[in-house]
Amino acid sequence: MELAVRDEGAVTVVRPAEARLDAMAAVMFKDRMKAALEGGAARVVLDLSGVGFLDSSGLGAVVAAQRFLRSGQVLELAGLTGAVERVFRLTRMDRMFTIHAGVDDALRATA
């Protein structure tokens, strides 16, 4: 699972390059997210707009990424597709994250 990482001012944007975040990709996703968070800004936005499928392992990997956050660092989500948003809502994990409609919305929002 490759991640595209870019800085947008004071925000680091991380975007998975694959359309599925499932059991096959979860371990590699966590490893790559750890590296992205270590080098990331205080505010990190995970852009899930290209992810069309997320299973429980993928959800667990996103939630687990929070344990890699440095003190004062936050992880926000953006661009959840319908299926991915349903998984977050049904599991109530949508309450754990600030979720933006898209990356542009996240960049306009204040931390």
So for R0 = 30 Å, FRET eff. of Val63-Asp7 from the Cβ-Cβ r, to 0.05, ends up at 0.80
Only bridges with both residues in the chain count here: give the DSSP antiparallel percent, nearest 5. 30 percent
Within the under-10-Å Cβ sphere about Ala78, not counting Ala78, Lys/Arg +1 and Asp/Glu -1 give a net charge of -3
Calculated log₁₀ intensity ratio I(q)/I(0) where the Debye formula runs over C-alpha points of the range 61-110, q = 0.15, 0.16, 0.28, 0.32 Å⁻¹: -0.43, -0.49, -1.18, -1.24
Just to be sure I understand the model, the point goes 7 Å from the Cα along the line to the Cβ. What's the resulting Arg89 to Ala42 distance in nm? 3.3 nm
Based on the Cα atoms of the chain, what semi-axes does the equivalent ellipsoid have, where each is the square root of 5 times one gyration tensor eigenvalue, given in whole Å with the largest first? 19, 16, 13
Within the chain, what's the longest run with no trypsin sites (Lys or Arg not before Pro) in a DSSP loop and at most 11 other beta-carbon atoms within 10 Å? Give the range, please. 1-69
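Quick note: the coordinates plus some simple rules give every number you see, no bench work behind them. Quantities reported herein were computed from a predicted structural model and do not represent experimental measurements. Glycine also receives a Cβ, built like all others from the backbone with ideal geometry; neighbour counts cover every protein chain displayed.
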